[in-house]
Protein chains: 2
Amino acid sequence: MAIKVHGSLFSTATMRVLACLNEKGLDYEFVPIDMKAGEHKKEPFISLNPFGQVPGFEDGDLKLFESRAINQYITSTYTDKGTPLVFHDPKEMAVLFVGMQVESLQYNPPAGKLTLELTIKPMLGMATDEAVVEEKEAELAKVLDVYESRLGQSKYVSGDSFTLADLHHLPTLSYLMGTRVKSVFDSRPHVRAWCANILARPAWQKVIAMQHN
Amino acid sequence: MAIKVHGSLFSTATMRVLACLNEKGLDYEFVPIDMKAGEHKKEPFISLNPFGQVPGFEDGDLKLFESRAINQYITSTYTDKGTPLVFHDPKEMAVLFVGMQVESLQYNPPAGKLTLELTIKPMLGMATDEAVVEEKEAELAKVLDVYESRLGQSKYVSGDSFTLADLHHLPTLSYLMGTRVKSVFDSRPHVRAWCANILARPAWQKVIAMQHN
């Protein structure tokens, strides 16, 4: 099997890559990294990612890291497999580039921090910092106001089909649906419908199922 | 003139887009946004970018924001103009995707904060937060250790030619060269050579010259 993903099934970045591979219907091997034992900070993992963060990715002799970069590679290489997730038209693709940057630089900073405070820390037996939650929830609400307006104009964040820009939200979105922050999404009707729609995708449900096996 | 960039000549994100347009040798109109007067938070600007951040970008009827997305659009559309800045080969392009993500998610968080504390705040008559500087300088040093190793293997961050992944560093790099943080770059020989090389590019020098006109 040519494609290998080294990571943790509970890491948002690892889940992001698995979701993409599932959408493309590609075969891959999942190689678990024991993060509690710090395997991601040691060899052989840091030869895959010198920053010591999961996931690491291999496709034959090509070694990559950074989940969003891996997904751009997958979608631009395996163009004829599964869901396209990207566009051919340069102008449509430009809007997709914007959507991916918005996820990474506007949505993810508060959503990632909230996921850490409300789901990852409790999983590890650590205390949630309520002041951080309050601040990041307010930041997320402002970002989702822009999403609400955008999703009133198109079914997905970068147009009328499901793309990488939507997919990149799934891991944090999925975690936050199990927390009190769900109300920040639910109180915005277009955002709520978009969440329900993309979380129900079979490729995503397969990632969740992998966590429970 | 079809291409318009709305922004501030001193904003790192605006400078990032201008550097790309200059490398591609494209004609464009620069439309100044008075950030002190809060023009970026009001109409008509927020119709270009609902997050109220410079730059906004127009190419005919296409309207975009997020500097790195704009640059991906420019390089994938105007492929036959000026410096390529991207690769054709999917595996080389994959390494470039990684380099762009590393800039955005590893390098820029400390470098952007240091730029704010050591150059933007003093420009606006605000006090530098020394505790933030100390923390972010340590973070940047760790990131640059990885760069030092990488730049020992290839002349540029994503291979042997200058690409978007290098270009995206230029605005913060240029600002930080005028601060005490310069030593964090200079103490790493491959990083120091890379900085000197990319900062000397005529397309970048043109951005600096625009600031002084």
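Taken over the stretch A:91-121, the criterion of being in contact with a Phe, Trp or Tyr (Cβ under 7 Å, 6 or more places away or on another chain) and not polar (S, T, N, Q) is satisfied by A:M93, A:A94, A:L96, A:F97, A:V98. Applying the condition of being basic (K, R) and within 17 Å of B:T172 (Cα to Cα) to the stretch B:90-124 and asking which residue is surrounded by the fewest Cβ atoms within 10 Å (Cβ to Cβ) yields B:K121. The residue of the stretch B:87-103 that is nearest to the other protein chains (Cβ to nearest Cβ), among those that are touching an Asp or Glu at 6+ places or on another chain (Cβ under 9 Å) and in contact (Cβ under 8 Å) with a residue 12 or more places away in the chain, is B:V98. Every condition in (1) in contact with a Leu (Cβ under 8 Å, 6 or more places away or on another chain); (2) outside any helix (DSSP H, G or I) holds for B:V207 except the one numbered (2).
Among the residues of the stretch B:158-204, those identified as of a type in the set (K, R) and either within 20 Å of B:T75 (Cβ to Cβ) or outside any helix (DSSP H, G or I) (or both) are B:R180, B:R188, B:R201. Look at (1) more than 10 Å from chain A (Cβ to nearest Cβ); (2) out of contact with any strand residue (DSSP E or B) (no Cβ under 6 Å at 6 or more places or on another chain); (3) modelled with pLDDT of 95 or more and you find that B:G56 fails only one, number (2). If you go through the stretch B:1-19 and keep only what is closer than 15 Å to B:V54 by Cβ and either hydrophobic (A, V, I, L, M, F, W, C) or in a loop (DSSP other than H, G, I, E, B) (or both), you end up with B:V5, B:S8, B:L9, B:F10, B:S11, B:A13, B:M15, B:V17, B:L18, B:A19. Return the pairs, sorted by first residue and then second, in which the second residue is among the acidic types (D, E) and outside any loop (DSSP other than H, G, I, E, B), the first residue lies in the stretch B:58-79 and is without any contact (Cβ under 8 Å) to a residue 60 or more places away in the chain, the beta carbons are less than 8 Å apart, and the residues are 6+ apart or on different chains. Taking only residues 6 or more apart or on different chains, the pairs are B:L64/B:E58; B:Y73/B:D59; B:T77/B:D59.
The values are calculated or read from the model by the stated rules, or taken from the named source; none is laboratory data. In this text the structure is predicted, and so the values were computed from the model without any measurement. Positions of Cβ are backbone-derived with ideal geometry, glycine not excepted, and every protein chain shown enters the neighbour counts.
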